[in-house]
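Derivation of every value follows stated rules applied to the coordinates shown; laboratory data play no part. Owing to the predicted nature of the structure, the values given are computational and were not obtained by experimental measurement. Heads up, the Cβs are rebuilt from the backbone with ideal geometry, glycines too, and the neighbour counts pull from every protein chain shown.
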Amino acid sequence: MKAAAFAYERPSDLKAALALMAGARGSTRIIAGGQSLGPMLNLRLVRPELLVDIAGLAELKQVDRGGDELVIGACVTHADIEDGRIPDVTRGAMRRVAASIAYRAVRNRGTIGGSLSHADPAADWVCALPALGAKIRLRSTRGLRELAIEDFITGALESALQEAEIVEAVRVPVMRPAARWGYVKACRKPGEFAHAIAAVLIDPESTGARVVVGAIAAPPIVLHDAAPLFGGRVTADFHRQFDARIADAMLAKAGVTNAADRHIHVAVLRRAIAEAAA
Amino acid sequence: MSEVERLSSSSTPDQGVGARLPRKEDDRFMRGRGQYVADIRLPGLRDVAFVRSPLAHGRIKAIHVPERYSGLVFTAADLFGVKPIRAVSGLPGFKISEQPVLATGKVRHVGELVAMCAAPTRAEAEDIAASVTLDLEPLPAVYDMRRAREAGSALVHDHWGDNVFLESVFEVDITPALDAPIKVTREISTARQCMSPLEGRGVVATFDHRLDQLTLYTGAQMPHIVRNGLSDCLGIEQGRIRIISPDIGGGFGHKGILLPEEVCLSWLALEKGLTVRWIEDRYEHLSASANCREHYYNITVYADRDGRLRGIDCEATVDSGAYSSYPFSACLEAAQVASILPGPYRMPAYRCRTFSAATNKCPILPYRGVARTGVCFALEIMLDAVAAEAGLEPAEVRLRNLVGPEEMPFDNITKKHFDSGNYPEAMRRALAAIDIAAVRERQRRKEPDGRLIGVGLSVYCEQAAHGTSVYAGWGIPMVPGHEQATARMTPDGGLEIRVGVHSHGQGLETTLAQVAHEILGIDTAKVRVVHGDTALTPYSTGTWGSRSMVMAGGAVGTACEAIAGRAKHIGAKLLQLDPASVSLRDGRVCGPNSSIGLAEIAHTWYRRPHELPPDVNPGGLEATSGYKPQRDSGTFSYAVHAVIVAVDPDLGDIELLDYVIVEDGGVLVNPMIVDGQIYGGLAQGIGTALYEEMPFDAEGQPLATTLADYLLPGPTEIPEPRLDHMQTASPYTMFGVKGIGEGGAIAPPAAITNAVNDALRPLGVELLRSPISARRIVEAILAAREAEGPAA
Amino acid sequence: MNTIGISVNGHAVTASVEPRTHLADFLRDHLNLTGTHLGCEHGVCGSCTLLLDDAPARSCITLAAACDRARVTTIEGLDDDEIAGELRAAFTREHALQCGYCTPGMIVSARDLVLRLDDADERAIRVGLSGNLCRCTGYVGIVRAVRSVIDDRRRRGIAPLPGAAREQLGPVGSTSSAGDGGPPAARPSARAGIEQRPAVTIPDFVPDRILEDHFTLASRPEEVFAMLGDVARVAACLPGVALTGNPTPKHVEGVIRVRLGPISTGFRGAARIERDPATMSGRIVGMGTDHHIRSSTRGEVRYRLLPVDAGTATRVEISVGYSMQGMLAQIAREGLVRGLAARLTAEFARNLERELSGAATGGPTRPAASIDGVALVFDRLRMFVREIFRRT
């Protein structure tokens, strides 16, 4: 199938893009790498009147290493992260997550900001970044605002992005040396929609455990303090304290009614915890 | 192992029968210069998009075309005089379906064609199609083949009174089996699949006024059969139709039926004078194109305590979809099930009843392996169930019942005539290669990572190149007769071969050249194989049923022999020798002390005819010959597949740790290409076993309509198997070759499922439905735990 | 039409393209470079893979208009490429192709692996090629061929290039300086008008999926039942529903707009209303169609009133059933739709409770912004545009 007709603009800078968005009438969509939107356009599931292409905007391809964080422009691609073309403050975690997204040819165009805007609950960044404690920076002519990733993803394919607002950057905090990271997803083959995703960042010395369970039919479950999963306290032997029953109950409460689904999610979570402990 | 029976000796074995010759066709494909239907450019070409039914079953109340597009949209009402597609089987009781090329009255499956729109680009044609609105009255969808057979079901074809295309029974008195000490009954089923060659279907149609001829470019495995069907539907004489089937991006059976789209575009070219194309996209392919493989078996196997089979009693239903597709019909699969279920196993009693059920789904067509993949799945799972019941190794049960080499040729209980082979030897080789004892030891030790190990076997046989006598009995619109080929030497000593079969990955441009080289000794680089054009090739039923090497190979060999005889006669006269005293070697006619090359003989025939002897055969260096094997009941290639799996009981993931195939495909013309066919077949078999499934909801909506949902195995899902070839020649065919194109796809679902069941037996799990997806495995394990009670 | 300047296989090309034309169609139809194949047009199969700024990219989900100033290399442009030449020799030797359809994309991806991978690790090659499907070969010959070329080159001392030596950030093909998109001239409306159809009879149906909810009101069942007879009020509680025409007590027409992520639907249709005072129950059965996404839906709302607290209060039980047909049913992941329906049902119950308990703010309940994460945008603006279009 071929896309329905639309108009197309390629603004020269961010300011022009924001102005274009603010002045647009009718249905307007932003496109960057187009790796999520492209298939939907071709299937005519999405029929915008105007596409605003921000892939060329230099402001969105910048990366700044601040004191305790890395600010990644929205149009940085998965391949940029995978290849280490940008600094890594997550001790390899983001590079590994990036490398597991879809396929290389897709990663060469797909962007971190685009992936978050699409808000697919089975997407890697949607699940990994909340565990890393990342924030998202949104820009419009009205100004700038910033949200935690988990507050940005509001539903399956739904985000807090407002009219004429653009994802500008993602802020990723530096991972502490003592922190342990685990990221596991269940797919039958590379590139398939994940059936379950678990991301864990465990730092027994300070911040405790942050756990994300994703690829459910809703925003990921984000536990800022996952101590209850480990018997109430995150200790050095946390992986031995993991209580699958609590995880199962948590999933049931989150609306995962099917027992096989819960079983798979819990198994994936257990593995992510084991990976963190390894 | 038997030797190749050389019809003429060639001193360059690197090019003849048996050579691993690199393919002649590769270069154009690797440089992006293949020419597929979508690559054809004609002046004034317009794209066609179809308005398709969104409902599985509904009554058409109205079709609304916006006024601004009138004249660009055509519906059934426009197709005056075009007949529906009818594929009638001669088997008694067969109910006839008529498939309108554009829907009339009712729509009977999602994606059925309702209207067509032509525009300068596909995007614009889709714009028009999107503006057409259908007023459909929804009717209850017949989406489950077993419910379809129940009284009170909605009817796909109202006047039938039920939803059964055909019921058939094959019985050799089952009663003696009934008192067997072992009786195992199971319900086994396989999912509906979509063949998914990477290139979909495609059609370009134009009318050639000079020739007064419709030229239809279509990716078709059987171009001459398409011409038959088109002529029937359009009511025009065959001479006014030329079918050109260019490069094809994968067939597997999917390009073996007449499409309503082909009729529609032909009509636009004939009646509207348009040059038009339609290129099937992946969404159309998955949601609206023909499917395959959806079987359900209720099967009981009777055996003695030592595993000897006493009999099989089976009821099988095949979901045939809404229409009988042309030319193979809606009952090809189900009716075959009854005759091929026993396979290479001996048994004294047998009964099988089959149903071809009509449903509100796409029609079916024969996919690589046709009914055999389902049959092999059902029977081989049952043999493992018998082994478990008898406390025997699965291999033991098979060895006890497989036909022995001393019994060849062998007629099994359904009168299938096995031409040659040594099945027990193949089994023994497979067992040695996979090392069952080591697997059992490993199972006892258990895996450190918690996974469960299992080993599985399956045996299949593949009847190929079955001909007139077999197909005459089916009474379908196509019965293969003699296969013909034309061989023509060119004045410069090259050779052109014309065949009515079609090559779309099998490498016939290479292997048929190898056959010609074997006979004539002409360098394969100078042999050109022409195929895929009804104007240039002899009539043929085309490429299906693993028949091309046996049939067209035999025809090419026969035609080349005719040329060889004539060339020897001319050569002998030019050498001033007695024709009886010369032989043909390495492309030269040789006497005791002198020789002359075929190129010079060709030059003489074409350019210097005044030097020819007066008694020369006026047919010259061009011959069209027909060929049939000595017996046309088919060749039987076969294999044993043995696989070791590791199953992750938490996630249901399966890793194929080792895969062994011991295969006997008769004499191999090009072992490299045969290996490729087996590897490719295995990949599709693994798809059937683990990944591919077209699910439907209760509204008859297909639910895997993109490749994100319909999972095709990729490089990480397919292991590199270990192959071992036996080469038992067929006694009936030229060179002793057998058809081998489909076999690789037949055995894997059974072998892998048996291995998974072997691994999960300690958990009380037995999987009986393909694909055995990760999800089904997890659910089965959880269900087994539930059944065991809350103990653990 | 947008004008693009693009380098294709080393030649500068200036062309005018429709914005919706993807790169593969542009190359195939405008430049007759048919070696780039289309296998799915949703980015999965890899047949259309080509080099964009020297890195593999999917040309089926990349707009040609987005490639202004980019460098495109198709399979035809790799005729004289050293690595592609080595791959061709290895492919034919290892029988790495049969029908040839996946081969151009496969060679492009393989070439990238030959450049980037440290060594000929089989697993890395298989993962690296996982975005290119082959239906013929079982990948055996392909993997062998790629291994042999990598092995051979590393043996010859040719080192891998991490990231294929790309330095620029951002999507391949997107020039960092950005293009001038041309003057923002008046954009033609891309949309065709809606063909309005008269309502038809509503057939009965049994929903595939049913969701239930309930609440209690401090009114007598008879009063609640009477209120439920006001079609407009009930419709106003259904998220995203707008009535068209004048409802009668037994028949109503309208449109329901639901947004599933970037997919905006507008199901236009009609509903039949049944009420039974004897059992204090009622039913609304409707069907609607969205021609644009070729999908239709059928839905049923049932309610039943039960007296509580000796008849002074009413327990309202509602159930919402639905089924979908057409593309949306086929494409959307079941979980996403189920989640959406559950939220809509809960929202309906909440609205109804508010409406019937008299707590509603004046005017119809109209969830304008985000409801539990699902924005139900009532897109008046688009309606307005459509109205204008229809008049012209």
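Per q in 0.21 Å⁻¹, report the Debye log10 I(q)/I(0) for the stretch B:697-778, using one uniform scatterer on each alpha carbon and no solvent.
-1.16
Work out from phi, with θ = phi - 60° and the Karplus expression 6.51 cos²θ - 1.76 cosθ + 1.60, the ³J(HN,Hα) of each residue of the stretch A:214-228, listed in order in whole Hz, and give x for Gly and Pro.
After applying 6.51 cos²θ - 1.76 cosθ + 1.60, I find x, 6, 9, 7, 7, x, x, 7, 10, 9, 6, 10, 8, 3, x Hz.
Measuring from a point 7 Å past the Cα of B:T468 along Cα-to-C-beta, which residues in the stretch B:529-561 have an amide N at less than 17 Å?
What the label zone holds, given the 17 Å backbone N cut-off, is B:539-542, B:551-552, B:554-555.
With charges only on Cβ, +1 for K and R and -1 for D and E, what is the dipole size of the stretch B:317-433 about its Cα centre, in debye, rounded to 20? Kindly include the intermediate steps, with their values, before the conclusion.
Values: 12 positive and 12 negative charges, 59 e Å.
The calculated dipole for the stretch B:317-433 is roughly 280 debye.
For each pair in A:K189/B:K361; A:K15/A:K61; B:K24/B:K255; B:K416/B:K628; B:K255/B:K361; B:K255/B:K416, compute the distance between the two Cα atoms and list the pairs where it is over 20 Å.
Values: A:K189/B:K361 28 Å; A:K15/A:K61 15 Å; B:K24/B:K255 23 Å; B:K416/B:K628 18 Å; B:K255/B:K361 18 Å; B:K255/B:K416 28 Å.
Listed pairs above 20 Å: A:K189/B:K361; B:K24/B:K255; B:K255/B:K416.
How high is the relative contact order of the stretch B:196-288, in percent, counting Cα pairs under 8 Å that sit 6 or more residues apart?
Relative contact order of the stretch B:196-288: 41 percent.
Could you state the number of Å between the C-alpha centres of the stretch B:96-156 and the stretch B:560-610?
A separation of 62 Å, based on Cα centres.
What ranking do B:427-436, C:114-123 get when scored by the average of other Cβ atoms within 10 Å per residue, highest first?
B:427-436, C:114-123
Taking 7 Å along the Cα-to-C-beta vector as the label spot, tell me the A:D64-B:H417 distance in nanometres, rounded to one decimal.
It works out to 8.5 nm between the two label points.
In debye to the nearest 20, how big a dipole does chain B give about its Cα centre with +1 on each Lys and Arg Cβ and -1 on each Asp and Glu Cβ?
1220
Based on the Cβ-Cβ distance from B:E150 to C:R156, what FRET efficiency comes out when R0 is 45 Å, to the nearest 0.05?
0.05
State, to one decimal in nm², a quarter of the convex hull surface area for the C-alpha atoms of the stretch B:614-663, i.e. the direction-averaged projected area.
Quarter of the Cα hull surface area: 8.3 nm².
To the nearest 20 debye, what is the magnitude of the charge dipole of the protein assembly as shown about its Cα centre, counting +1 on the Cβ of each Lys and Arg and -1 on the Cβ of each Asp and Glu?
About 1680 debye.
For the pair B:R28 and B:R585, what calculated FRET efficiency results from E = 1/(1 + (r/R0)^6), where r is the Cβ-Cβ distance and R0 = 35 Å, to the nearest 0.05?
Working: r = 32 Å, r/R0 = 0.92.
With a Förster radius of 35 Å, E is 0.60.
How big is the stretch B:265-370 on each of its three principal axes, counting only the C-alpha atoms and giving the largest first in Å?
Principal extents (largest minus smallest coordinate, Cα): 70, 23, 21 Å.
If a/c stays under 1.5 just call it rounded; otherwise compare a/b with b/c (prolate if a/b is bigger, oblate if not). Do that for chain A, with a ≥ b ≥ c from the square roots of the Cα gyration tensor eigenvalues.
prolate
Just the number, please: percent antiparallel of the DSSP beta bridges in the protein assembly as shown, rounded to the nearest 5. Please report the intermediate quantities before stating the final value.
Details: 213 of 252 bridges.
So the antiparallel bridges in the protein assembly as shown amount to around 85 percent.
Starting from the Cα gyration tensor of the stretch A:181-277, take the square roots of the eigenvalues, sort them a ≥ b ≥ c, and report rounded, prolate or oblate (rounded when a/c is under 1.5, otherwise prolate if a/b is larger than b/c, else oblate).
Prolate shape, in that a/c is at least 1.5 and a/b is the bigger ratio.
Restricting to chain B, compute how many DSSP beta bridges are antiparallel as a %, nearest 5.
In chain B, DSSP labels about 75 percent of beta bridges as antiparallel.
On a C-alpha basis, how far is the centre of the stretch A:242-259 from the centre of the stretch B:327-368 in Å? Whole number, if you could?
45
For the stretch B:196-288, what D do you get in µm² per second when you plug the Kirkwood radius from alpha-carbon pairs into Stokes-Einstein at 25 °C and 0.890 mPa s?
186
Among all helices in chain B defined by DSSP H, which have a length of 24 Å or more along the axis from Cα atoms plus a Kyte-Doolittle mean of at least -1.0?
Qualifying helices: B:372-390, B:548-574.
Taking the beta-carbon count within 10 Å as an exposure proxy, list C:C45, A:C187 from fewest neighbours to most.
So the residues, fewest neighbours to most, are A:C187, C:C45.
Give the average, rounded to an integer, of partner chain Cβ atoms located within 10 angstrom of each Cβ in B:41-52. Show your work: numbers first, answer last.
Values: counts 4, 0, 0, 0, 1, 0, 2, 0, 2, 0, 1, 3.
For peptide B:41-52, the averaged partner shielding equals 1.
Modelling each spin label as a point 7 Å along the Cα-to-Cβ direction, I'd like the B:E187/C:H11 distance in nm, to one decimal.
So the two model labels end up 6.3 nm from each other.
Considering amide H positions built from the backbone, and no H for Pro or chain starts, which residues 5 or more places from B:H57, or on another chain, come under 5 Å of its amide H?
It is B:L139, by chain and number.
Given bins 20 angstrom wide, list per bin the percent of all Cα-Cα distances in the protein assembly as shown, short to long.
With 20 Å bins starting at 0, P(r) equals 9, 35, 38, 15, 2, 0, 0.
Can you show me the helix-derived [θ] at 222 nm for the protein assembly as shown, built from DSSP H runs with n ≥ 4 at -39,500 (n - 2.57) apiece and divided by the number of residues, rounded to the nearest 500.
-8000 deg cm²/dmol
In angstroms, what radius of gyration and Dmax does the stretch A:124-244 have, counting Cα atoms only?
15.7, 50
Could you pull out every residue, at least 5 positions away or on a different chain, whose amide H is within less than 5 Å of the one on B:I85? Hs are placed 1.01 Å off N in the peptide plane, and Pro or chain starts have none.
Close amide H contacts, sequence-distant or interchain: B:Q99, B:V101.
Could you tell me what a quarter of the Cα convex hull surface of the stretch A:58-173 works out to, in nm² with one decimal place?
Mean projected area of the Cα convex hull: 6.7 nm².
Sequence gap at least 6, Cα distance under 8 Å: using those rules, report the relative contact order of chain B to the nearest whole percent.
Values: 2020 pairs, mean separation 133.7, N = 792.
Averaging sequence separation for qualifying contacts and normalising by length gives 17 percent for chain B.
At what distance in angstrom do the alpha carbon centres of the stretch A:219-234 and the stretch B:163-204 lie from each other?
51
Within straight cross-link reach of B:K526, meaning Cα distance under 18 Å, which aspartates and glutamates are found once same-chain residues fewer than 8 apart are removed?
The reachable aspartates and glutamates, counting only those whose Cα sits under 18 Å from B:K526, are B:D14, B:E25, B:D26, B:D27, B:D492, B:E496, B:E509, B:E518, B:E561, B:D586, B:E600, B:E622.
Less than 19 Å from a label point 7 Å out along the Cα-to-Cβ axis of C:V206: which backbone N atoms in the stretch B:685-717 qualify, by residue?
Answer for the stretch B:685-717: B:696-701.
What are the principal axis extents of the Cα atoms in the stretch A:48-114, in Å, biggest first?
42, 28, 15
Output the Cα-based Rg and Dmax of the stretch C:2-165 in Å, rounding Rg to one decimal and Dmax to a whole number.
15.6, 48
Given H placed on each backbone N at 1.01 Å, which residues far from A:A7 in sequence or on other chains put an amide H within less than 5 Å of it?
Counting only residues 5 or more places away or on other chains, the set is A:L50, A:L51.
Rounded to whole Å and ordered largest first, report the semi-axes of the equivalent ellipsoid of chain B derived from its Cα gyration tensor (root of 5λ).
43, 38, 22
How many nm separate the modelled label positions at B:E407 and C:E167, each set 7 Å beyond the Cα in the direction of the Cβ?
Using points 7 Å along Cα→Cβ, the separation is 7.4 nm.
Which of B:W544, B:W278 has the fewest other C-beta atoms within 10 Å, and how do the rest follow up to the most?
Least to most surrounded, the residues fall as B:W544, B:W278.
Using alpha carbons only, what's the Rg to Rh ratio of the stretch A:7-53 with Rh from Kirkwood?
The Rg/Rh ratio comes out at 0.98.
Hey, if you put +1 on the Cβ of every Lys and Arg and -1 on every Asp and Glu Cβ in chain B, which of B:C233, B:A729, B:P749 ends up farthest toward the positive end of that dipole?
Going by the Cα projections, it comes out as B:C233.
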